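Structure record follows, encoded as structure tokens.
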Amino acid sequence: MLLLIPLLALFPSEQCGSIEGDAIFHDQSPLYCAPLEPMPGDTVSLRLRAAVGDLQSATVRIWDTGLNGGAGGEVLVPMWIETQVGPTQNFDLWRGDFTLGNDTLWYRFRMEDQGCTDVYQITGTLNNWDPAIRDFQIRPGFQGPSWARGAVGYQIFPDRFENGNPSNDPQNGEWEIAPGIGITAHASWNELPTGGSDFFGGDLLGIWQRRDYLQWLGVDFLWLNPVFESRSNHRYDATSYDRIDSHLGTNAEFQTMVQGLRQQGTRVILDGVMNHCSSWNEWFDRYHVYPWTGAHEDPVSSAYGDWFTFLPGFHPLNFPENYCSWFAINSLPKLNYANPEVRDRMVRAPDSVLRGWLQTGIGGWRLDAAEDVGPGCDGGDHSVWTEMRNLLKADDPDALLILEEWGDALPWLEGDQFDGVMDFNGFLFPVQDYCLSRNDSVATFRDRILKGLRAYAATANHSSWHQLGNHDLSRALTRAGLDADRVREATFLQFTLPGSPVLYYGDEIGTIGGNDPDNRRTFDWNLANWDRDTVKLVRKLSQLRHRYSALREGSFDPYWVHHAGRVMVFAREDAQDVLLMIAGSNNAPQNLNIPVDRYFADGDVLEDQISNRSYVVVNGKINLSGSDALEAHGYRVLHLR
Ligand SMILES: [Ca+2]
Ligand SMILES: [Ca+2]
Ligand SMILES: [Ca+2]
């Protein structure tokens, strides 16, 4: 008996017995955190849902990073019960208000009842604060373009989407990609890619001609892989930042396309490769193409000599070259942002690369290799991006700024640099491991998604890009072992979770391919070859995302999982609607008895927005069993009929 007391103290339950931890909910959607993009001086209202009558008190526990001369300090905001919510008024809605200062705040909640104290962080209710889980964050003054929140995107590799103008097609041997190595032109659109120097002839006119398809799919913006003049087919190594590659079209054709697409509601996002250019670049001119003296020709006398970094003496990493390049790839010399002329030319000047092209009416930029951009050989420098944001947002407050970052992007998403990230950590990898490869359990998937959503401020989460694949990864269908059902499971999550779903051209029709260059196959316009089930699903989900603001900016409450059946049930709610998603990732039908009394009352009829099947709420649950079982790989979007 004596041993029991220390044992109990050593192994506390996850939650207090007197607090219904599973009923508690908060996230940074408008119903629970307002305003979405608070400015210094604004009153912020936080709301927390708890079972009715359950709590004696609730408190917002804030860490204000500006207190104590920047050392930070704790602020406690008492909450009160504002009202009862829920289908049978079965929840108290607790509310706490405070005035925002200039500094970043981190917050979580403390709940007390009958001597028990629990905390609420984004992964749920816990007995003790878990320092490994990032608290919710508020970044005063962080405002992103509203059009981009939850918007549907479509990535195009320009050489491979559609050939609208055969007269601009690259010809065999028309130029060298490296000294002595000529480019190749494919004889047929249906051949397979072979590397970086083979061309199919896709172009801007082709994209324009297929605008009806993009509109039919419900695409809000296109992200084009680089379109500036280059010798490679991927064009991540520009020879000029001022000219559209002539094999894609002219500068004038580009502007016409951008403005025409904008009129149909489709913005164009350009790929900005700011870190490095080609060794054939007009400023570097290693191979003596231009009449002037390029940096490589004579770093001392060239007007561009200090635009790059040349190293005296022996440099093993760059050997046998004497200049800094991206990953020591000598065809990709790195621009030197310690030189103010480079910063003027790329960022600062009214006609800089970034600001100049913004004037054509593009919707913004995706910035390549953002962590590398800076002075010298290795230096990443955030000041390049803070300067970029200030200038571009002054030119066009609606310009979207997305960075490429494969790790934690928080250092770029504090409100002063980018609006969002290509979210590998928060979406692509979790959905890969859950749906495509089936390595993760549903509980692990839910945990990774929740942690991804707490990684950044709310506005950044909404405009971050959720992809199943892109030009740097093998095709989603190939990674799924050619199982299209798994890709559809992942697509369902891509379009129903918070964030901005961005399709990789061809994934929606069942295009396959291994690693680069096989992942860059041409788009197959022969409808007989299409995976119609997938493209129909994409179009339907895109329509739902446009119909229901709750799918774009609403809450995300993944309150129920079926472990063995690999099913996650989650609600998305805003002031207009509640949608209940049932998302399966499994190979067999599942009998499910799903509690829905958090959102719906007995007698309510819930209709699936995809299949039009309906379910009646009985005893707080809906039953999917027998002939109504959730089919293998099944999914539902339920809305009150
Ligand atoms: Ca209680
Ligand atoms: Ca062409
Ligand atoms: Ca020259």
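The values are calculated or read from the model by the stated rules, or taken from the named source; none is laboratory data. Small disclaimer: the values here were computed from a predicted structure and weren't measured. Here the Cβ positions follow ideal geometry from the backbone for every residue, glycine too, while neighbour counts run over all protein chains shown.
Key figures for this structure:
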quantity: Any chance D306 is in contact (Cβ under 8 Å) with a residue 60 or more places away in the chain and either within 16 Å of ligand 1 (Cβ to nearest atom) or surrounded by 15 or more Cβ atoms within 10 Å (Cβ to Cβ) (or both); calculated: no
quantity: Where a residue in the stretch 85-106 is closer than 17 Å to D22 by Cβ and its partner, wherever it lies, is buried (at least 18 other Cβ atoms within 10 Å of the Cβ) and of a type in the set (D, E), with Cβ under 6 Å and at least six apart; calculated: none
quantity: Near pairs, Cβ below 9 angstrom, 6+ apart or cross-chain, from the stretch 228-253 (under 17 Å from T184 (Cβ atoms)) to any residue that is of a type in the set (F, W, Y) and within 16 Å of ligand 3 (Cβ to nearest atom); calculated: S230/W280; R231/W280
quantity: Filtered residues of the stretch 474-512 (kept if outside any helix (DSSP H, G or I) and over 18 Å from F427 (Cβ atoms)); calculated: G481, L482, D483, Y505, G506, G510, T511, I512
quantity: The one condition in (1) within 16 Å of ligand 1 (Cβ to nearest atom); (2) modelled with pLDDT of 95 or more; (3) not aliphatic (A, V, I, L, M); (4) not in a loop (DSSP other than H, G, I, E, B) that D22 fails to fulfil; calculated: (2)
quantity: Top-ranked residue of the stretch 26-48 - restricted to ones that are under 20 Å from L497 (Cα atoms) and polar (S, T, N, Q), ranked as surrounded by the fewest Cβ atoms within 10 Å (Cβ to Cβ); calculated: S29
quantity: Hits in the stretch 405-437 - residues which are in a loop (DSSP other than H, G, I, E, B) and surrounded by 24 or more Cβ atoms within 10 Å (Cβ to Cβ); calculated: A409, L413, F418, D419, D423
quantity: Among the candidates D447, D398, D440, residue that is closer than 30 Å to A564 by Cα, among the acidic types (D, E), more than 17 Å from the chain's Cα centre (by Cα) and in a loop (DSSP other than H, G, I, E, B); calculated: D440
quantity: Those residues of the stretch 435-454 which are modelled with pLDDT of 95 or more and either in contact with a Lys or Arg (Cβ under 7 Å, 6 or more places away or on another chain) or among the small types (G, A, S) (or both), in sequence order; calculated: C435, L436, S437, S441, V442, A443
quantity: Qualifying position, being more than 18 Å from D516 (Cβ to Cβ) and in contact with a His (Cβ under 9 Å, 6 or more places away or on another chain), among D220, D198; calculated: D220
quantity: Filter pass, G510 being modelled with pLDDT of 95 or more, farther than 18 Å from G150 by Cβ and surrounded by fewer than 21 Cβ atoms within 10 Å (Cβ to Cβ); calculated: yes
quantity: Only listed residue being part of a strand (DSSP E or B), modelled with pLDDT of 95 or more and not assigned by TED's automatic domain parsing to the domain that holds I24, chosen from N593, N519, N515, N587; calculated: N593
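Residue by residue, here is whether (1) modelled with pLDDT under 95; (2) among the hydrophobic types (A, V, I, L, M, F, W, C) holds:
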| position | (1), (2) |
| --- | --- |
| C277 | no, yes |
| P299 | yes, no |
| Y304 | no, no |
| P312 | yes, no |
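Every residue, every condition in (1) among the acidic types (D, E); (2) within 16 Å of ligand 3 (Cβ to nearest atom); (3) outside the structural domain of S29 (by TED's automatic domain parsing), yes or no:
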position	(1), (2), (3)
G115	no, no, no
I122	no, no, no
L126	no, no, no
W129	no, no, no
A148	no, no, yes
Y154	no, no, yes
E162	yes, no, yes
D169	yes, no, yes
N172	no, no, yes
